[in-house]
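Structure, as C-alpha cells:
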Amino acid sequence: MITAIFLLSSTSIYADTSTTDSSKLLCPDANFWGKGMLTDICWSCMFPIRLLGTTAFDGDNFVPDGASNEALCSCQGKDGIPSFGVTAGMWLPARLVEVVRKPYCSPVMGGISFNNSVRLWGGVKEIEDDGSDKTFYNYHYWAFPLYAILDLFVQTNCNAGGLRNLDMMYLSELDPTWNVDELAFFLNPEAVIFANPLALAACTIDCAKTTVDKPMTSLWWCAGCWGNLYPFSGNIASDGSAPRDTSLLTARILSSLHRKALAHKTYGDDALCGGTIYPMLPKQQYKLSTMFPVAESEGRCCHSIGESSFRWGEHRTLPGVGEDYVYLVWRYTDCCLSGGD
C-alpha cells in the first residue's frame with residue numbers, strides 16, 4: 001500500500017544494510033516502520049475543525065488568516081458538471097522532511113543509504129576567519145498523506161498534489177542550488193533586499209508574535225525566532241541549537257519548493273477545489289511536529305514556523321544517534337466536501 005520510488009537515472013542507488021554501531025551513528029534509524037508511525041503522531045494537531053465556515057471542534061491551534069468562511073461551495077466534476085457541497089477546514093499531515101548530515105542517508109527508511117557518496121557531508125563546522133559556526137544539512141522530502149493512507153479523509157480536492165502513498169518527492173543531493181548560495185540566488189533574487197541588519201531586526205517582532213500567537217504574514221522574509229528565510233539554501237550561520245537550525249532549514253525547504261511550483265497553497269476560497277500554485281511561503285499554512293529523534297506526540301505537540309525552540313525543541317537532541325531530524329509537516333487545508341471522489 002505504501003510505496004517509495006526512487007528514479008535517479010544519473011546516480012547508482014543501493015541500500016547499505018550494515019548494522020554496525022558506527023554506521024548507525026552516521027545514519028540512524030528513526031523507527032518509522034512500526035507502531036511509531038501512529039504513536040509518534042501529534043494527533044491533537046488536527047484541531048480545530050471547521051464546517052460550513054464555523055468552528056465545529058475547537059483546539060489549541062490557530063486558523064490561518066484568509067481561511068475560507070464560506071458555508072457552501074461547488075467544484076467542477078470530471079464530466080464538467082458542477083458538484084455542490086459544504087466547506088471544511090482542518091490541519092492534515094501531508095509531508096515528511098528528513099534533515100540529515102550524511103548524504104543519501106534515510107532515517108525514515110530504517111537508516112539505509114541510497115548511495116555512499118563522500119560529497120556534501122553536513123553538520124556544524126567552525127569558520128576559521130571569525131570563529132563562528134556554519135551549519136549545512138542535506139534533506140529528503142517525502143509525500144506522507146497519512147489520512148489518505150488510512151482511508152480517513154481522502155476526497156481528491158482535500159489532498160493537494162494527489163499523492164496517496166509514502167513517496168520520495170525531492171532529494172537535495174541532486175540540487176546544486178541547495179549547497180551553492182550563488183546558484184540559489186537565481187531562484188530568489190529578492191534575497192538581496194533582506195540581507196541587511198534592519199530586515200533581520202524586524203524578525204524579532206515575528207519571533208515574539210509567532211511564539212505567543214501565529215506567524216506574521218507581513219514579514220514574509222522572516223522565519224520568526226529561527227532567523228531569515230533567505231537564501232533558499234542549506235547554508236546557515238549556526239547558534240548551536242540543532243532543533244533551531246534544522247527547523248530553519250525545513251522552512252527554507254518549503255520556501256524553495258513553493259518557488260519551484262512543487263508545493264501548493266491549500267487554504268482560502270481559491271483552494272476549496274484543490275491546491276493552488278503559490279510562489280511564496282504561506283507561513284500560517286504550516287505546522288511542524290518532530291518525529292525523530294524525540295517525538296512530539298503529547299499535549300500541544302506541533303509548532304508554527306518560527307516558534308521559539310525553547311518551547312518545544314531544545315530537549316529533542318540526542319548526542320550521536322540523535323543529530324539528524326525527521327519532521328512531520330502539517331498543512332491547513334480548506335476543501336469542498338461534495339460527496340465525490
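The values are calculated or read from the model by the stated rules, or taken from the named source; none is laboratory data. Computed from a prediction, not measured in an experiment: that's the story for all the values here. Here the Cβ is made from the backbone with ideal geometry for all residues, glycine too, and neighbour counts use every protein chain on show. Side chains are part of the model used for accessible areas, which takes the heavy atoms of the whole protein and leaves out ligands, DNA and RNA. Shrake-Rupley method; radii C 1.70, N 1.55, O 1.52, S 1.80 Å.
Residues in segment 296-309 include at least one that is open to solvent by 30 Å² or more (accessible area, probe 1.4 Å), among the small types (Gly, Ala, Ser) and on the phi < 0 side of the Ramachandran plot. Applying the condition of being among the acidic types (Asp, Glu) and in contact (Cβ under 8 Å) with a residue 24 or more places away in the chain to segment 36-83 and asking which residue is most open to solvent (accessible area, probe 1.4 Å) yields ASP60. Does LYS78 qualify as being charged (D, E, K, R) and within 23 Å of SER255 (Cα to Cα)? So LYS78 does not fit the description; no.
Criterion first (charged (D, E, K, R), closer than 17 Å to GLY234 by Cα and at pLDDT 85 or above) does ASP167 satisfy it? Criteria not met by ASP167. Taking segment 310-330 as the range and being of a type in the set (D, E, K, R) and surrounded by 24 or more Cβ atoms within 10 Å (Cβ to Cβ) as the test, only ASP324 passes.
Put simply, of SER247, SER233, SER238 the only residue that is surrounded by fewer than 22 Cβ atoms within 10 Å (Cβ to Cβ) and touching a helix residue (DSSP H, G or I) at 6+ places or on another chain (Cβ under 8 Å) is SER238.
Which residues, counting only those in segment 174-190, are open to solvent by 20 Å² or more (accessible area, probe 1.4 Å) and either among the small types (Gly, Ala, Ser) or over 25 Å from CYS222 (Cα atoms) (or both)? Result: LEU174, single match.
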